[in-house]
Structure formats: structure tokens, C-alpha cells
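So the structure is just underneath, and the comments pick up after that.
The values are calculated or read from the model by the stated rules, or taken from the named source; none is laboratory data. None of the values given here were measured: they were computed from a predicted structure. No Cβ is skipped: glycine too gets one built from the backbone with ideal geometry, and neighbour counts run over all protein chains shown. The accessibility values were calculated without ligands, DNA or RNA, using every heavy atom of the protein model including side chains. Shrake-Rupley method; radii C 1.70, N 1.55, O 1.52, S 1.80 Å.
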Amino acid sequence: MKKNKCAKVYLAEDMAKKLAIVAKGEGMSVQSLLVFLARQKISYYERVKGNIKPADLNNADMSEFETVE
């Protein structure tokens, strides 16, 4: 089973409020919106720079993430 990773995100209050409004307007939770945006950015990155190699995934710095079950 894959383990999920959790990262804290610190936002200015006005940005957090705007993010909450955007998420609600899209019919999503803030968490779902952030995952969606991350997927979009990863997809764009890979279109521009090529697919991320498995070796790079294995060497990724995961120090900012916590493992959650």
C-alpha cells in the first residue's frame, strides 16, 4: 500500500481566504484544490522538461513531508 505524504503550507491570511473562496467556487475542498493544482504543475513541468525519471524520484528530498497512513 502506498503511503501518503503530508506537508504543511503556510499562507498569508488574505491568500488563504482567497484560496477558500476559489475552492468553494470550484466545488472542491481546499485540500482537493491544492492536490489538483499540484497535479497540473507536475504535468506542465513534465511536458516542458520531460518525464521525471524514477532515479530522480528515489533521490527526492522528502524532508518537508510527514508520512501519514
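At most 11 other Cβ atoms within 10 Å and a DSSP loop assignment: could you name the trypsin sites (Lys or Arg not before Pro) in the chain that fit?
Values: sites: Lys2, Lys3, Lys5, Lys8, Lys17, Lys18, Lys24, Arg39, Lys41, Arg47, Lys49; in loops: Lys2, Lys3, Lys8.
Filter output for the chain: Lys2, Lys3, Lys8.
Can you give me the convex hull volume of the Cα atoms of the chain, divided per residue and expressed in Å³?
On the way: hull volume 9.4 nm³, N = 69.
Hull volume normalised by residue count: 136 Å³.
Could you count how many Lys pairs in the stretch 1-59 have their Cα atoms under 25 Å apart, skipping same-chain pairs fewer than 8 positions apart?
Lysine pairs meeting the criterion: 19.
DSSP loop (so not H, G, I, E, B), at most 16 other Cβ within 10 Å: list which chymotrypsin sites (Phe, Trp or Tyr not before Pro) in the stretch 9-69 pass both filters. Walk me through the numbers on the way to the answer.
Values: sites: Tyr10, Phe36, Tyr44, Tyr45, Phe65; in loops: Tyr10, Phe65.
Passing sites in the stretch 9-69 are Tyr10, Phe65.
Per residue, how many Å² of accessible area does the chain show with a 1.4 Å probe?
Numbers: 6600 Å² over 69 residues.
Result: 96 Å² of accessible area for each residue.
How large, in percent, is the carbon and sulfur part of the accessible surface of the chain at a probe radius of 1.4 Å? Show your work: numbers first, answer last.
Working: 3680 of 6600 Å².
Carbon with sulfur: 56 percent of the solvent-accessible area.
Work out from phi, with θ = phi - 60° and the Karplus expression 6.51 cos²θ - 1.76 cosθ + 1.60, the ³J(HN,Hα) of each residue of the stretch 43-55, listed in order in whole Hz, and give x for Gly and Pro.
Using θ = phi - 60°, the values come out as 4, 4, 4, 6, 5, 7, 10, x, 4, 6, 6, x, 5 Hz.
Could you size up the charge dipole of the chain around its Cα centre, putting +1 on the beta carbon of Lys and Arg and -1 on that of Asp and Glu, and report it in debye to the nearest 20? Can you show the working numbers first?
Working: 12 positive and 9 negative charges, 51 e Å.
Magnitude of the dipole: close to 240 debye.
Give me the extension gain from Phe65 to Val48: residue separation times 0.36 nm, minus the current Cα-Cα distance, reported in nm with one decimal.
Details: separation 17, 0.36 × 17 = 6.12 nm, distance 2.57 nm.
Full extension of this stretch gives 3.6 nm more.
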